[in-house]
Amino acid sequence: MENASKPLLRALGGEAVWPPPFWLMRQAGRYLPEYRALRAQAGDFISLCTNPELAAEVTLQPLRRYGMDGAILFSDILMLPWAMGQGLRYAEGEGPLLEPIRDAEAFSRLNPEKVRENIAPILETVARVRAGLAQEAPKTALIGFAGSPFTVACYMVEGKGGGDFAHARRMAYADPQLFGKLIRLLVDSTVDYLVAQAEAGAEALMLFDSWAGLLSPAQFRRWSIEPTNAIVRGIRKHFPTIPLIGFPRLAGPLLVEYAQRTGVGTVGMDTAMDPRWAAANVPSNIGLQGNLDPQALVAGGMALEAEARSVLAAMRGRPFVFNLGHGIVPPTPPEHVAALARVIRIG
Ligand code: 1CP
C-alpha cells in the first residue's frame, strides 16, 4: 500500500512515527524568493490560485528545498466564497476584501450551483501536484484543505480580516436563523469541495478553523464542533478512511471536546497550546499536529532549536505531525526553515 511508504499518512493513521513527519502551514509563500518571482508573473493572488500550472509549481517549491513529508495545495480558504460568486479581492498588504453578507438579500445572491465549475482549475492543480509528487517526492503526501464554516463565515459576513469579526459573531446571536443558513450552505459546499479534492488526488484533508477561539463555549459547540462533525460525516460517506485534520485555533481546553466530538483523527495545536497539556488531555487515539511558534522560526538559532526540541519531547510516543502553531510569516529567513528541518529529522 502507498500509505506504508508515506510517513505523514502513517502518522495521520494513528502510528507514532519517529522522527515525526513534518510540514509547515503557509510553507509556500512570500518568505521564499522563488514564490515572490512566480507571484509577480501570475499577477494577482486569485489569478495564481486559479492557474493550475503556476499553483502546482508553487505547491512544490518548498519541498525542493526542505523535503517536507506533506505538500499542501496552494489555494486559499476564501476561494470557496469566491466560487459561490461573492466578490473577493486581495489588496496589497491588507489581506482579503469581500462584499459583506449581512442580510437575507445578500445571502440570496450566493450561487452554490456555480461552485463545481469555478473550482475546476483548483482540482486540476490537485491532480498536477499529485503527479508531480510521484515524480519528484514519492514519500510526500498531498493535503487538500478548506476553511471551517465558522471561519469562512467570519470573512463572508465581515468582508475583511484583521479584526475580531464582531459583525459575524453578533449575527450568530442576533439572527441565528440567517447565520445558521450560511453555516449549512458552507457545510454542504465544503463537503462537496473536499470530496472533489480527494477524488482529484488529495490524500489527507485539513479544516482550518482559524477564528474558532473567538467563540464562547456554547457558540463554539454550535458553530465549530457541530458543523465540523457534519462535514466529517459527509466526507466519510465517500471516503471512509481518508485522514482528516481539524485545527480549531485558540480553542484552549475546548480542543479536547473538539477532538472527542468532531470525528477528525488528528487535531492541530496552535502556538498558545501547551503540548504537554494536549498530550495529557486529548484522547490518545487522536493524533496531534503543531505547534512551534512561527516567531521562533523567524528568530532562529538556539531559541529555535530549544523551542523545537521541547515540542518534540512533549510528543514522543504519540501519533504526531510536527508543524507550526500558525502559518510561516513573510520575514522568515529560508535558512531557518532548513535548520528546523535538521532538528526535526534528528527527532
Ligand atoms: O500576497 C500573497 O501572496 C497572499 C498571501 C496568502 C497566501 C500565500 C494568502 C492571503 N493566502 C495564502 C495561501 C494559503 N492560505 C494557503 C496555502 C497553502 C500553504 O499553507 O502554504 C492556506 C492553507 C491558506 C489558508 C488560510 N487563508 C487561512 C487559514 C490558516 C490561517 O492562516 O489561519 C486563513 C485565515 C486565510 C485567509 C487569508 N488569506 C490570505 C491572508 C493574508 C489571509 C488572512 C487574513 C486575515 O488576517 O484575516
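Annotations
- Residue ID - nearest to the ligand (Cβ to nearest atom), chosen from residues in region 219-237 that are β-branched (V, I, T) and either under 29 Å from S5 (Cα atoms) or touching a helix residue (DSSP H, G or I) at 6+ places or on another chain (Cβ under 7 Å) (or both): I231
- Qualifying residue in region 59-67 (condition: hydrophobic (A, V, I, L, M, F, W, C) and touching a Gly at 6+ places or on another chain (Cβ under 6 Å)): yes
- Hey, L54 touching a strand residue (DSSP E or B) at 6+ places or on another chain (Cβ under 7 Å), closer than 30 Å to L9 by Cα, among the aliphatic types (A, V, I, L, M) and at pLDDT 95 or above or not: no
- Those residues of region 84-103 which are among the small types (G, A, S), surrounded by 12 or more Cβ atoms within 10 Å (Cβ to Cβ) and either free of Cβ contacts under 8 Å to residues at least 60 places away in the same chain or within 18 Å of R170 (Cα to Cα) (or both), in sequence order: G85, G87
Matching residues to (1) crowded, with 16+ Cβ neighbours inside 10 Å; (2) in contact with an Asp or Glu (Cβ under 9 Å, 6 or more places away or on another chain):
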{"site": "R261", "(1), (2)": "no, yes"}
{"site": "V264", "(1), (2)": "yes, no"}
{"site": "N281", "(1), (2)": "no, no"}
{"site": "A303", "(1), (2)": "no, no"}
{"site": "L312", "(1), (2)": "yes, no"}
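- Condition check for E57: over 23 Å from I344 (Cβ atoms) and within 11 Å of the ligand (Cβ to nearest atom): no
- Scan region 12-41 for residues that are surrounded by fewer than 18 Cβ atoms within 10 Å (Cβ to Cβ), closer than 15 Å to L54 by Cα and small (G, A, S) and the total you get is 2.
- Residue under evaluation P81, criteria (1) in contact with a Gly (Cβ under 8 Å, 6 or more places away or on another chain); (2) of a type outside the set (F, W, Y); (3) within 25 Å of R222 (Cβ to Cβ), criterion not met: (1)
Residue-wise test of (1) of a type outside the set (K, R); (2) part of a helix (DSSP H, G or I); (3) touching a residue at least 12 places away in the same chain (Cβ under 8 Å).
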residue: I245; (1), (2), (3): yes, no, yes
residue: L255; (1), (2), (3): yes, yes, yes
residue: A259; (1), (2), (3): yes, yes, yes
residue: G263; (1), (2), (3): yes, no, yes
residue: V267; (1), (2), (3): yes, no, yes
residue: T271; (1), (2), (3): yes, no, yes
residue: W277; (1), (2), (3): yes, yes, no
residue: N285; (1), (2), (3): yes, no, yes
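- Check on I77, away from the ligand (no atom under 13 Å from the Cβ) and outside any helix (DSSP H, G or I): no
- Once region 40-53 is narrowed to residues that are in contact (Cβ under 8 Å) with a residue 12 or more places away in the chain and in a helix (DSSP H, G or I), the residue that is nearest to the ligand (Cβ to nearest atom) is F45.
- Among the residues making up region 147-164, a single one is more than 9 Å from the ligand (Cβ to nearest atom), of a type outside the set (D, E, K, R) and surrounded by fewer than 24 Cβ atoms within 10 Å (Cβ to Cβ): G159.
- On the stretch given as region 174-196, residues that are more than 13 Å from S148 (Cβ to Cβ) and polar (S, T, N, Q) total 1.
- Residue check, W23 within 30 Å of G317 (Cα to Cα), more than 11 Å from the ligand (Cβ to nearest atom) and among the aromatic types (F, W, Y): no
- Number of residues in region 8-34 that are within 19 Å of the chain's Cα centre (by Cα), part of a helix (DSSP H, G or I) and closer than 21 Å to A338 by Cα: the value is 1.
- Flag if R64 is of a type outside the set (S, T, N, Q) and either more than 30 Å from Q289 (Cα to Cα) or not in a helix (DSSP H, G or I) (or both): no
- Number of positions in region 169-218 that are part of a loop (DSSP other than H, G, I, E, B), within 13 Å of the ligand (Cβ to nearest atom) and small (G, A, S): 2
- Counting only residues that are within 30 Å of R345 (Cα to Cα) and in contact with a helix residue (DSSP H, G or I) (Cβ under 7 Å, 6 or more places away or on another chain), region 36-54 holds 2 of them.
The values are calculated or read from the model by the stated rules, or taken from the named source; none is laboratory data. The model shown is predicted, which means the values in this text are computed figures rather than measured ones. Please note: Cβ atoms are built from the backbone with ideal geometry, for glycine as well, and neighbour counts cover all protein chains shown.
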